[in-house]
Amino acid sequence: MVALVMNHKVRLAILLLASVLAVGSCATLQPPSATGPRGNESLYPILLTEDAHRREASAVALHRLALRSGNSGAPESRAQFQPITATIMSLAPKVGNGFYLPNVGATAAMTEEETRESLRRFINDFQELIGADPSKLSLVERADEPDGSKLATYEQRPFRYPIRGSYGRLQIRFTSDRGVLDLSSTCIPDADRMQSALAALSVRLKAEDAVQQIRASGLAYTDAKGNKLDFKLTAASEINPRGLVIYILPAKSKSEALEFHLAWEMELSNAPVKIAYIDSMNGETVAAE
């Protein structure tokens, strides 16, 4: 009789354990809730967090390039790197003189076409410090500065939509004899991974809805100096949606991170600001300028 009771309890225990495992398995396979994250969990805006390994890799890359150029003064200890992205912010004073653009052409003085090819080769060598795939960089300006130096400015275009904010730009300052004076990049590393996350977003606020929202509620935003501003548009104000962009700025909810917003770029006239960025996911004003 005791054996029967024990067998019955064992069977019940096995059935209970099987039920728990089945429920747990189903919960693991369930898709995320359609109503969004719960509690303090946040899936938007998408974040790029600081990575100590990324900064270390940038320093190692600079040291390797310096040795290859015959500069053994440990420039990585004096160069400045961007926070969070760990891309190069500025070469240390006089360290830039140790780097040169590759010589292209038969003469010492390169033509404009040869200069652009030389810049392309330099970017390919320095892509670890720049933090961008060279094929995703577009030259937007090549200028001769008043002090005699030359400046090349590039835009990073790794996403379906253009980058806005203070990120996604590369500048190379150099001399007529190919000496590199400075190098600065606000490009976004791991752009392919970020694009995968951005591609999964679905626009919730249409452009026409964003226009109506601005008309009805005006704009409330924080300017570059940290001032909170709020204003209403007048009947004379015009709003022209330019399209979707990826607006990047330092994260408000998490230190040492950047947040990526899928936003509508709105051109305004007869208004205190010329451009406003309205988040296409939640309708918030991301920035205005």
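The values are calculated or read from the model by the stated rules, or taken from the named source; none is laboratory data. Remember, it's a predicted structure, so these values are computed and weren't measured experimentally. When we count neighbours, we look across all protein chains shown, and the Cβ atoms used for this are built from the backbone with ideal geometry, even at glycine. Ligands, DNA and RNA are excluded from the accessible area calculation, which covers all protein heavy atoms including side chains. Shrake-Rupley method; radii C 1.70, N 1.55, O 1.52, S 1.80 Å.
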Residue check, R38 at pLDDT below 90, open to solvent by 60 Å² or more (accessible area, probe 1.4 Å), more than 31 Å from the chain's Cα centre (by Cα) and farther than 30 Å from V180 by Cβ: no
Qualifying residue in region 57-66 (condition: at pLDDT 95 or above, touching a Phe, Trp or Tyr at 6+ places or on another chain (Cβ under 9 Å) and surrounded by 14 or more Cβ atoms within 10 Å (Cβ to Cβ)): no
Any pair with Cβ under 7 angstrom, 6 or more apart, that starts in region 75-86 at a residue that is closer than 22 Å to T49 by Cα and ends at one that is of a type in the set (S, T, N, Q) and modelled with pLDDT of 95 or more: F81/T87; Q82/T186
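Kindly establish whether S184 is hydroxyl-bearing (S, T, Y) and open to solvent by 70 Å² or more (accessible area, probe 1.4 Å).
Here the answer is no, as S184 does not meet what is asked.
Being within 14 Å of S280 (Cα to Cα), of a type in the set (A, V, I, L, M, F, W, C) and touching a residue at least 40 places away in the same chain (Cβ under 8 Å) narrows it down to one residue among V180, V203; which is it? First the steps, then the outcome.
Values: V180 fails: within 14 Å of S280 (Cα to Cα).
V203 is the lone residue from the list that is within 14 Å of S280 (Cα to Cα), of a type in the set (A, V, I, L, M, F, W, C) and touching a residue at least 40 places away in the same chain (Cβ under 8 Å).
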Residue ID - modelled with the lowest pLDDT, chosen from residues in region 104-117 that are assigned to a loop (DSSP other than H, G, I, E, B) and surrounded by 14 or more Cβ atoms within 10 Å (Cβ to Cβ): M110
Selection status of V203, buried (at least 19 other Cβ atoms within 10 Å of the Cβ) and of a type in the set (A, V, I, L, M): no
Region 208-228, subset among the hydrophobic types (A, V, I, L, M, F, W, C) and open to solvent by 70 Å² or more (accessible area, probe 1.4 Å), residue farthest from the chain's Cα centre (by Cα): A216
Count of residues meeting criterion [modelled with pLDDT of 95 or more and either open to solvent by 10 Å² or more (accessible area, probe 1.4 Å) or at positive phi (or both)] in region 232-248: 8
Criterion violated by G226 - all others in (1) in a strand (DSSP E or B); (2) without any contact (Cβ under 8 Å) to a residue 24 or more places away in the chain; (3) small (G, A, S) satisfied: (1)
Matching residues in region 126-153 - criterion: being open to solvent by 70 Å² or more (accessible area, probe 1.4 Å) and either in contact (Cβ under 8 Å) with a residue 40 or more places away in the chain or among the aliphatic types (A, V, I, L, M) (or both): E128, D133
Residue satisfying all of: in region 251-273; open to solvent by 80 Å² or more (accessible area, probe 1.4 Å) and either free of Cβ contacts under 8 Å to residues at least 24 places away in the same chain or not in a loop (DSSP other than H, G, I, E, B) (or both); nearest to L201 (Cα to Cα) among these: K252
